[in-house]
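The values are calculated or read from the model by the stated rules, or taken from the named source; none is laboratory data. Values in this document were obtained by computation on a predicted structure and should not be read as measured data. Note that we place each Cβ from the backbone using ideal geometry, even for glycine, and neighbour counts take in every protein chain shown.
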Amino acid sequence: MLKISPFIALANYIGFSGYKAYAIGGAIAICVWFYICNLIISKYCGNKYFSLLLSTCLFIPLGMDDIDFLLGQESHLSNVVLSIMICLPVIIYIQESKKSFLCISSLAVILMTAEQPIRTLIIIAPFILFILIIFRSKTSVVSMLSIAVSFVIGKMANDYLLDRHFPLKVDYSQASLLISPDKAIDNLFIILKSILVYSSSSSLAVGSNAIGILTPFYFMGLLYILLFIATIVYGLKIFLHILIDGRKTKTSICRLDLLCALGATGFVLGLLLISCLNPEGRHIF
């Protein structure tokens, strides 16, 4: 439902067919999701130029995994943008008490859950924990209850669609089983290595001549991996700092600090959740 199929259908309706319809539909999908992503981030940051920079960085493919992600393979693109729609509007709602943003977040939860409930759980489980730990307020509890209710509605929609319209040959949410701790540790390193290596340009240059044209991209990919790890560490540091500094109120915490802390904790907790599933869990990360 969240793949590029509707956009390909639109391209077919316009008059394109075959590969042209796929290419045009994919381009339309990228433009639509980029616009939504940029709009949400601009509301969160309050700076349209900075939000445009962040959105552009998110949509630039650096490795093979990112190329698949940008093409809308398995609805990765839409799910990433919906994840942003779930998290950032809730923080705006808590800090500014604007109910419209809570509605946006709830809608995103319903849409994502209607397609694949387990993906939504991987997003909202760490997010609910993060919000309740950081804010500890009545508004945060209300927002999390809204997220939970939206998830139930989305799950009901998913059950209806699977039963009446779109039966699955392989349902990864049903195939994903808890595994033993030793295998979970092995799984963690496999998935982490896949994320670090195949989302960087280094993987594209493997096997090429050391003095060839791809060499700079290889080392740029290594730099990206180091920056990625440093960003996660920095975000966790901010998260711990916010926890320790109890003097700050919910409205005084810098949103960029919250974004770094949320991204780092969400990545780590999400990675741990996926690692506890069977190897097919990589399909829903």
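Points worth noting:
- Contact map, the range 259-283: first residue within 30 Å of G46 (Cβ to Cβ) and part of a helix (DSSP H, G or I), second residue modelled with pLDDT of 90 or more and of a type in the set (S, T, Y), Cβ cut-off under 9 Å, separation 6 or more or different chains; pairs are L259/Y44; C260/T231; C260/Y234; G263/T231; A264/T231; A264/Y234; G266/S83.
- Residue match in the range 210-226 (condition: at pLDDT 90 or above, closer than 25 Å to F50 by Cα and either touching a Phe, Trp or Tyr at 6+ places or on another chain (Cβ under 7 Å) or of a type in the set (A, V, I, L, M) (or both)): yes
- Every pair of residues 6+ apart whose Cβ atoms lie under 7 Å, when the first sits in the range 190-201 and is under 19 Å from F219 (Cβ atoms) while the second is surrounded by 15 or more Cβ atoms within 10 Å (Cβ to Cβ) and of a type in the set (D, E): Y198/D65; S199/D65; S199/D66
Residues are listed down the side, and each one gets a yes or a no for (1) at pLDDT 85 or above; (2) over 23 Å from G266 (Cβ atoms); (3) touching a Gly at 6+ places or on another chain (Cβ under 9 Å):
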site: I30; (1), (2), (3): yes, yes, yes
site: I40; (1), (2), (3): yes, no, no
site: L54; (1), (2), (3): yes, no, no
site: C57; (1), (2), (3): yes, no, no
site: E74; (1), (2), (3): no, no, no
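- Near pairs, Cβ below 8 angstrom, 6+ apart or cross-chain, from the range 113-131 (farther than 11 Å from A148 by Cα) to any residue that is among the hydrophobic types (A, V, I, L, M, F, W, C) and outside any helix (DSSP H, G or I): A114/M1; E115/M1; E115/L2; I122/F285
- Close Cβ contacts (under 8 Å, 6 or more residues apart or on different chains) running from residues in the range 216-237 that are of a type in the set (S, T, N, Q) to residues that are surrounded by 13 or more Cβ atoms within 10 Å (Cβ to Cβ) comprise T231/C260; T231/G263; T231/A264.
- For the range 111-120, the set of residues classified as assigned to a helix (DSSP H, G or I) and not aliphatic (A, V, I, L, M) consists of T113, E115, P117, R119, T120, listed by residue number.
- Counting only helices (runs of 4 or more DSSP H) that fall entirely inside the range 1-110 and contain at least 3 residues that are polar (S, T, N, Q), the qualifying elements are 48-59, 76-96.
- Selected residue [surrounded by fewer than 21 Cβ atoms within 10 Å (Cβ to Cβ) and over 15 Å from the mean Cα position of the chain (by Cα)] from I94, I67, I134: I67
- Just one residue in the set I86, I40, I8 is touching a Leu at 6+ places or on another chain (Cβ under 9 Å) and either farther than 26 Å from S200 by Cβ or aliphatic (A, V, I, L, M) (or both); that residue is I40.
- Selection within the range 256-277: residues that are surrounded by 15 or more Cβ atoms within 10 Å (Cβ to Cβ) and modelled with pLDDT under 90. The member of this set that is farthest from I133 (Cα to Cα) is L277.
- So A210, is it closer than 30 Å to F135 by Cα and either touching a strand residue (DSSP E or B) at 6+ places or on another chain (Cβ under 9 Å) or of a type outside the set (S, T, Y) (or both): no
- Any hit, the range 226-238, residues being over 18 Å from the mean Cα position of the chain (by Cα), within 27 Å of L273 (Cα to Cα) and of a type in the set (V, I, T): yes
- Applying a threshold of 7 Å to beta carbon distances and a minimum spacing of six or more residues, or different chains, the list of pairs starting in the range 1-19 at a residue that is within 21 Å of M112 (Cβ to Cβ) and ending at one that is hydroxyl-bearing (S, T, Y) reads L2/S75; L2/S78; K3/S75; I8/Y22.
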